[in-house]
1. For the chain, what is the mean residue ellipticity at 222 nm derived from helices alone (per DSSP H run of n ≥ 4: -39500 (n - 2.57); sum divided by total residues; nearest 500 deg cm²/dmol)?
2. Would you check the accessible area of residue 5, probe 1.4 Å, heavy atoms only, in square angstrom rounded to 10?
3. Note down, for the chain, the three equivalent ellipsoid semi-axes (square root of 5 times each alpha carbon gyration tensor eigenvalue), biggest first, whole angstrom.
4. Work out the length of the dipole vector of the chain about its Cα centre, built from +1 on the beta-carbon of each Lys and Arg and -1 on the beta-carbon of each Asp and Glu, and round it to the nearest 20 debye.
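The values are calculated or read from the model by the stated rules, or taken from the named source; none is laboratory data. What you see is a predicted model; the values in this text were computed from it and never measured. Here the Cβ is made from the backbone with ideal geometry for all residues, glycine too, and neighbour counts use every protein chain on show. Ligands, DNA and RNA are excluded from the accessible area calculation, which covers all protein heavy atoms including side chains. Shrake-Rupley method; radii C 1.70, N 1.55, O 1.52, S 1.80 Å.
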Amino acid sequence: MHEIREHMKVVDKDGAEVGIVDEVEVSRLKLEKGSDNQHHYVDKELVADVEGNTVSLSVQAKEVKRR
């Protein structure tokens with residue numbers, strides 16, 4: 001996952017935007033603050049693909065929010 005970098009768009013398995021990468025941590029991605037003014041995190045194990053400036057996840061956005 002070394003190709004993931006800050007400011008990349010993160011989308012769920014259906015292509016819906018989840019957020020923007022704020023920081024790449026060891027086992028997760030820290031997303032920029034959302035409308036709730038909180039950072040959200042995505043486990044790197046949920047990353048299905050990285051293409052161009054987009055990180056695609058293997059789950060729907062609602063699954064990410066539960067973690």
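1. Values: 1 runs with 6 residues, N = 67.
Calculated mean residue ellipticity at 222 nm is -2000 deg cm²/dmol.
2. Result for residue 5: roughly 120 Å² accessible.
3. Details: eigenvalues 46, 38, 25 Å².
Over the Cα atoms of the chain, the ellipsoid semi-axes are 15, 14, 11 Å.
4. Numbers: 11 positive and 15 negative charges, 48 e Å.
That gives the chain a dipole magnitude of about 240 debye.
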